[in-house]
Amino acid sequence: MSARSKARKRALDILYQSDVRGDEFAVTLAAEAKRAAAEPAREASWLYAREIVDGVIDARDEIDEQIVTHARDWKLERMPAVDRAILRIGVWELLYNDEVPAAVAIDEAVELAKEFSTDDSGSFVHGVLARIARAG
């Protein structure tokens, strides 16, 4: 598994934990930063995970607006928390990270949804992100 794939999982964990606990993303990110400092072997995945979460924090309103606009009749708060977190990662990569091709961002998000969410989440995530990619 690539360092970026591992980083996406770490970012998912941070965003999901924050959402479920009702904490600010920055609070959970700071706690994870302390843990990461003690794990130098995982530094490569930590750096990109932090970049993702910082990006989501900085552009959260725009990212959430994109999700709601392209989710077709789904309100953000009705989505499973894990799907919200995956979509936020995918939208950030699509709109704010030119180093990641759109197809890779979508495929990685779909794989996360298949691994960590419901049977229908992979196709839901794919649909939302594909519409955002086409619109962008």
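Brief remarks follow.
- Residue count for the range 63-74 satisfying the condition of being surrounded by fewer than 13 Cβ atoms within 10 Å (Cβ to Cβ) and at pLDDT 95 or above: 1.
- Of the residues making up the range 11-55, just one is of a type in the set (Lys, Arg) and under 15 Å from residue 93 (Cα atoms), namely 50.
- Residue match in the range 63-72 (condition: within 28 Å of residue 119 (Cβ to Cβ) and outside any helix (DSSP H, G or I)): yes
- Candidate set from the range 78-136 (those that are polar (S, T, N, Q) and not in a helix (DSSP H, G or I)); member that is nearest to residue 19 (Cα to Cα): 117
- Sole exception among (1) closer than 18 Å to residue 6 by Cα; (2) surrounded by 16 or more Cβ atoms within 10 Å (Cβ to Cβ) for residue 99, by number: (2)
- The set of residues in the range 27-68 being of a type in the set (Val, Ile, Thr) and more than 22 Å from residue 100 (Cβ to Cβ) consists of 27, 28, 68.
- Flag not set for residue 31, criterion: open to solvent by less than 10 Å² (accessible area, probe 1.4 Å), modelled with pLDDT of 85 or more and in a helix (DSSP H, G or I).
The values are calculated or read from the model by the stated rules, or taken from the named source; none is laboratory data. It should be emphasised that the depicted structure is a prediction, and the values quoted were computed from it without experimental measurement. Ideal geometry is used to build each Cβ from the backbone, glycine not excepted, and the neighbour counts take in all protein chains shown. Ligands, DNA and RNA are stripped out before the accessible areas are found, and what is left, the full protein with its side chains, is counted by its heavy atoms. Shrake-Rupley method; radii C 1.70, N 1.55, O 1.52, S 1.80 Å.
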